[in-house]
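This report concerns only the one structure given below.
What follows is calculated from the coordinates using simple rules that are stated; it is not laboratory data. Just so it is clear, the model here is predicted, and its values are computed rather than measured. Every residue, glycine among them, receives a Cβ derived from its backbone with ideal geometry; neighbour counts consider all protein chains shown.
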């Protein structure tokens, strides 16, 4: 006998089908693990945790501009996107021609606003780590502000100076250093200026290859030991730090009486009864 598809289904049949469908959905939800509110192949569930065993990607076919990208935003808290990983990287950005990750902040951008904020968590990890063929980290102050602010300490942040590429600040105690450059065989800090000033110091300057030597009573010379040794390009500058009438520094002999030492000669015995002090500083040419 042919089935009449045009005939309406009885009300009881419709209700039975609905109940059967609801039961099937409930059984599927029960069968799914409680921690996986969205599994592979499911749509993204907003406002809930989503768990999947395969990678999830979001691709935009058109090229976005700075004002029309694919946005993820949050208007109620301070973090729009957070990445967390037990091993490896929490957030990875990649670009073939521009910036892999670009951060921007409109809130008090000079001091407390962050485009990209890296937080140290535990162990020996880094808040922000960069690597590239041109520069590991790029800081750009395009309106005449500081390009990169490096700060060690608690809040509040220091006010960065204008027209500065890199500004470092640390003031916890006497051992704090705003900027440190280090090299075992090269140059720790290299300052270059074509027509301006390569190095400008405002305040005290301390040099490890300097000191104050004591010429013993009845002597006309003193030997000093220079940290790091002396080369053929080393120049030792010496001046008297005690007044002795008619006495001056006559000469300095480098790598004498042995390597890494220098002998400072006076024009004559400075004093027959008192110590005479001589200040010295080593420079390289």
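Give me 56, 175, 164 sorted ascending by neighbouring Cβ count inside 10 Å, so fewest comes first.
Lowest count first: 175, 56, 164.
How do the peptides 176-182, 221-227 rank, highest first, by the average count of neighbouring beta carbon atoms within 10 Å per residue?
Top to bottom by mean Cβ count within 10 Å: 221-227, 176-182.
Along the Cα-to-C-beta direction of residue 175, a point sits 7 Å from the Cα; which residues of the range 199-228 have their amide N less than 11 Å from that point?
Correct set: none at all.
What is the order of 273, 152, 183, fewest Cβ neighbours within 10 Å to most?
The order, fewest Cβ neighbours first, is 273, 183, 152.
Order of 45, 281 from fewest to most other C-beta atoms within 10 Å?
Least crowded to most crowded, the residues run 45, 281.
Calculate, for residue 126 and residue 256, the FRET efficiency according to 1/(1 + (r/R0)^6) with r their C-beta to C-beta distance and R0 41 Å; round to the nearest 0.05.
The computed FRET efficiency comes out at 0.30.
Using the Cα gyration tensor of the range 210-284, with a ≥ b ≥ c the square roots of its eigenvalues, what is the shape: rounded (a/c below 1.5), prolate (a/b larger than b/c) or oblate (neither)?
Taking the square roots of the gyration eigenvalues as a ≥ b ≥ c, the range 210-284 is prolate.
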